[in-house]
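The values are calculated or read from the model by the stated rules, or taken from the named source; none is laboratory data. The model shown is predicted, which means the values in this text are computed figures rather than measured ones. For neighbour counting, all protein chains shown are included, and Cβ atoms are generated from backbone atoms with ideal geometry for every residue, glycine included. For the accessible areas, the whole protein counts, side chains as well, though only heavy atoms, and no ligand, DNA or RNA atoms are used. Shrake-Rupley method; radii C 1.70, N 1.55, O 1.52, S 1.80 Å.
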Amino acid sequence: MACMNEDGQWIVLMGLLVAVGMFFLALIINQSALVGQTTAEGVLEFSKNDIRDLREAVFDYVNASTTLAPGQCADIQKDIVAISLERKNAVVSFSAGDPQHVSGRWLHPVKIHYNNGVTVYNETVYY
Amino acid sequence: MVNDAGQLYTMEGIAAGVIMLLTAYIVVSTTSVYTAGDTHIPDMQLEQLGSDVLAMMDTPDTNRGTSELVGFVKNGTRVMMGGNTLRDRFLAGCKMRSGDPDDNLRAQVYLSYRTTGGSVNTTPLSSPDPEFTGRENTVRVTRWVQLPTEKPPGIPIDMSNTRSKAVLVEVLLWRA
């Protein structure tokens, strides 16, 4: 190669630089397809709406428990537990205790447990 | 005026044009790479929208009144104010925003309940969408509803009518 023709070395050098640069850009674009995949899966698997929904249902249950007979309340509880397991694949358990004096009001301590295998949610709320 | 010289220049011009268009396309498309992480955003938005609309329909107009949603569920599959009306009102609630009529939004309403035998049954409340193929990218939004002791009209026969019950309204929501 030497002494054949030594013209155009800048062109060859710049060509090499451009080729290396394009290789890196292709690598970045290739990796970008995976960006956010785990985030998206995490967001989709997190059962935010199910938990909110369950809390509403439990609060409705507590409201109803002040007027209904205890047996009727147990039926509503069984409904929610059975349908949660069947339709939402979630193990659900909740209970409402006797009213306690909290900040000047009488509130039921409500325990809510939710587990769908991925998300576990436990809460004690005074309602 | 007209002669048959310069074909090579014409071809070169066309090739240059194609290369320029291709370059412009590649440059524009690389600025926004649609990654796998972006695919969940429309689903999330649709799920949140449906969930909000169901919550809105489940809110009574007056204190201690019954909500619109409970009224529809009580009517079951009846033609008047039943499952189909529930679906239509739900979709109307979803489309309630400025500008876009959003005709592609579809929904199907199901009801899950515990039968007198103790098992859980799911039954459609609204009539099936004729264009539903089962391959749509659907989201499911739900809402718990409490029904009183008496058996509401139009509700499945194996639902208990001697006790209060909690049932689950499920809405399948998708864009056609």
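Tell me the label-point distance for the pair B:Ser29, B:Thr122, using the 7 Å Cα-to-Cβ offset, in nm and rounded to one decimal.
Calculated label separation equals 3.9 nm.
When all protein chains stay in place, what accessible area (Å², nearest 10, 1.4 Å probe) is found for A:Lys111?
Its heavy atoms expose roughly 100 Å² to the probe.
Report, by chain and number, residues whose modeled amide H sits under 5 Å from the one on B:Ser126, excluding near sequence neighbours (fewer than 5 apart, same chain).
B:Val109
Using the crude model of +1 on Lys and Arg Cβ and -1 on Asp and Glu Cβ, and no other charge, please compute the dipole size for region B:26-176 relative to its Cα centre, in debye to 20.
Details: 16 positive and 17 negative charges, 125 e Å.
For this selection, approximately 600 debye.
List nothing, just return the count: lysine pairs in the protein assembly as shown, 8 or more apart or interchain, with Cα separation under 24 Å.
16
If you take the beta carbon distance between B:Glu150 and B:Ala92 as r and set R0 to 41 Å, what does 1/(1 + (r/R0)^6) give as a FRET efficiency, to the nearest 0.05?
Details: r = 29 Å, r/R0 = 0.72.
Efficiency at R0 = 41 Å is approximately 0.90.
Residues of region B:96-123 with accessible area at least 30 Å² lower in the all-protein-chain context than alone (1.4 Å probe)?
With the partner chains in place, region B:96-123 has these residues losing at least 30 Å²: B:Arg114, B:Val120.
What dipole magnitude, in Debye to the nearest 20, does region A:50-122 give about its Cα centre under +1 on Lys/Arg Cβ and -1 on Asp/Glu Cβ? It would help to have the intermediate numbers written out before the result.
Numbers: 7 positive and 8 negative charges, 37 e Å.
With only Lys, Arg, Asp and Glu charged at Cβ, the dipole is about 180 debye.
With springs only between Cα atoms under 10 Å apart, run a GNM on chain B and tell me which of B:Val53, B:Val18, B:Val145 wobbles the most.
Greatest mean-square fluctuation among the candidates belongs to B:Val18.
Apply the Karplus parameterisation 6.51 cos²θ - 1.76 cosθ + 1.60, with θ equal to phi minus 60°, to every residue of region B:76-90 and state each ³J(HN,Hα) to the nearest whole Hz, in sequence, with x for glycine and proline.
Rounded to whole hertz, the list is x, 8, 5, 5, 7, 6, x, x, 5, 5, 4, 5, 5, 5, 4.
Take the solvent-accessible surface of the protein heavy atoms, probe 1.4 Å, and return the percent of it on chain A that carbon and sulfur atoms account for.
Numbers: 5290 of 8580 Å².
Using a 1.4 Å probe with all protein chains present, chain A comes out at 62 percent carbon and sulfur.
Among A:Asn89, A:His101, A:Asn122, flag the residue with its Cα farthest along the positive direction of the charge dipole of chain A, charges on Cβ as +1 for Lys/Arg and -1 for Asp/Glu.
It is A:His101, whose Cα lies furthest towards the positive end.
Spelling out what I want: for every residue of region A:23-33, take phi, set θ = phi - 60°, compute 6.51 cos²θ - 1.76 cosθ + 1.60 (Karplus), and round to whole Hz; glycine and proline get x.
4, 5, 4, 4, 4, 5, 4, 4, 6, 5, 5
Note the buried accessible area between A and B here, summed over both chains, with a 1.4 Å probe, in Å² to the nearest 100. Walk me through the numbers on the way to the answer.
On the way: alone 9860 and 11710 Å², together 18980 Å².
Chains A and B together bury approximately 2600 Å².
Please state the shape class of region A:42-127: rounded when a/c is under 1.5, otherwise prolate if a/b exceeds b/c and oblate if not, all from the C-alpha gyration tensor. Show your work: numbers first, answer last.
Working: a/c = 2.70, a/b = 1.48, b/c = 1.83.
The shape class here is oblate.
Let me have the 222 nm mean residue ellipticity of chain B computed from DSSP H runs of 4+ only, each contributing -39500 (n - 2.57), with the sum over all residues rounded to the nearest 500. Could the numbers behind the result be given before it?
Numbers: 4 runs with 63 residues, N = 176.
Value at 222 nm, helices only, nearest 500: -12000 deg cm²/dmol.
With +1 on each Lys and Arg Cβ and -1 on each Asp and Glu Cβ, and nothing else charged, work out how big the dipole of chain A is about its Cα centre, in Debye to the nearest 20. Can you show the working numbers first?
Details: 8 positive and 13 negative charges, 93 e Å.
Using only the charged Cβ atoms, the result is roughly 440 debye.
Say each of B:Asn161 and A:Lys111 gets a label point 7 Å from the Cα, pointing the same way as Cα to Cβ; how far apart are those two points in nm?
Output for this residue pair reads 3.8 nm.
Give the relative contact order (percent, whole number) for chain B; include only Cα pairs under 8 Å separated by 6+ residues. Don't skip to the end; give the middle numbers.
Details: 232 pairs, mean separation 38.3, N = 176.
Computed over chain B, the figure is 22 percent.
Name the residues of region B:148-176 whose amide N is less than 16 Å from a point 7 angstrom out from the Cα of B:Glu136 along the C-beta direction?
From region B:148-176, the list is B:170-176.
At 1.4 Å probe size, with no ligands or nucleic acids counted, give the accessible surface of B:Val70 in Å², nearest ten.
Near enough 20 Å² of accessible area.
Between A:Ala33 and A:Asn122, how many nm apart are label points set 7 Å from Cα along the C-beta direction?
Result: 4.3 nm between the two label points.
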